[in-house]
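Peer 1: I'd like to ask some things about the structure below.
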Amino acid sequence: MMIEIQDTLVSTELLTEYFCCDIDACKGACCVEGDAGAPVSEDEIAVLEDAADEVWSRLLPDAQDVIVRQGVVYVDITGDLVTSIVNNRDCVFARKDDKGRTYCTIQKRKPVSCALYPARLTKVGEMTAVNYHRWDVCAAARTLGKAKGILVYQFLKETLTRRFGEEWYAELELVAQELRKSGIMEKH
């Protein structure tokens, strides 16, 4: 089921499913799994280029080579603008820590699509659909979210607010409360 909030259609799964990243369990697999980089908007390119300059010495040599050759983004086989990747796998901004966890070297400046995960945005005419994306590498995040009682939209509060604004997020919270009160969606 989708709910209209301003110029978006929001999947009710964001209001009913639990999620809280568990980097110790998944080891940051979202930065290395998949067949392309993370989706990027045109206006994020300059931000990523500046970020690459700032963290250049912390990037892996292979990542530096990719950035020199093709830049911080490329157009994938489906025609989408995405972050550049190393060896058809790792994001150029990914690094591993001493515990084997992959992390983002540009954490505060990473693309909205990364920060929004597990939500994915798609255009539906003039509207933007905000959908929940269930990925097997995030099974531990669903378990931890349930244990902590954190729903997807709550986990993503900062990023949803960054992308859509405080008024939009307040409306989302109100809708979630009203749906629970009306019994249409039971709080898990």
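The values are calculated or read from the model by the stated rules, or taken from the named source; none is laboratory data. As the structure is a prediction and not an experimental result, all values here were calculated from the model. So basically every Cβ, Gly included, is an ideal-geometry build from the backbone, and we count neighbours across all protein chains shown. Just the protein is used for accessible areas: all its heavy atoms, side chains included, with ligands, DNA and RNA removed. Shrake-Rupley method; radii C 1.70, N 1.55, O 1.52, S 1.80 Å.
Peer 1: Separation between the residue 181 and residue 158 pseudo-spin-labels, each 7 Å from Cα along Cα→Cβ, expressed in nm?
Peer 2: 3.0
Peer 1: At 0.36 nm per residue, minus the direct Cα-Cα distance, what do residue 143 and residue 88 gain on full extension? Give it in nm, one decimal, please.
Peer 2: On the way: separation 55, 0.36 × 55 = 19.80 nm, distance 2.93 nm.
Additional length available on full extension: 16.9 nm.
Peer 1: Another question, if that's okay. Write down the accessible area per residue of the chain in Å², having rolled a 1.4 Å probe over the full set of protein chains.
Peer 2: Counting only protein heavy atoms, the per-residue value for the chain is 56 Å².
Peer 1: Just need the Rg to Rh number for segment 22-86, please, alpha carbons only, Kirkwood Rh.
Peer 2: Answer for segment 22-86: 0.98.
Peer 1: Rank by packing, highest mean first: peptides 163-172, 54-63, with packing defined as the count of other Cβ atoms within 10 Å averaged across residues.
Peer 2: The most tightly packed comes first, giving 163-172, 54-63.
Peer 1: Something else about it: In Å³ and rounded to a whole number, note down the convex hull volume per residue for the Cα atoms of segment 47-125.
Peer 2: For segment 47-125, the hull spanned by Cα atoms encloses 119 Å³ per residue.
Peer 1: Using +1 on the beta carbon of Lys and Arg, -1 on that of Asp and Glu, and nothing else charged, what's the dipole of segment 55-188 about the Cα centre, debye to 20?
Peer 2: Computed charge dipole of segment 55-188: roughly 460 debye.
Peer 1: While we're here: Given a cut-off of 30 Å, name the pairs among 99/146; 27/146; 110/148; 123/148; 148/181 whose C-alpha atoms lie farther apart than that in the structure shown.
Peer 2: Listed pairs above 30 Å: 123/148.
Peer 1: Give the separation of the Cα centroids, segment 113-134 to segment 2-52, in Å.
Peer 2: About 8 Å separates the Cα centre of segment 113-134 from the one of segment 2-52.
Peer 1: Note the per residue figure in Å³ for the convex hull of the C-alpha positions in the chain. All intermediate terms of the calculation are to be shown ahead of the outcome.
Peer 2: Details: hull volume 23.4 nm³, N = 188.
In the chain, the Cα hull volume divided by residue count equals 124 Å³.
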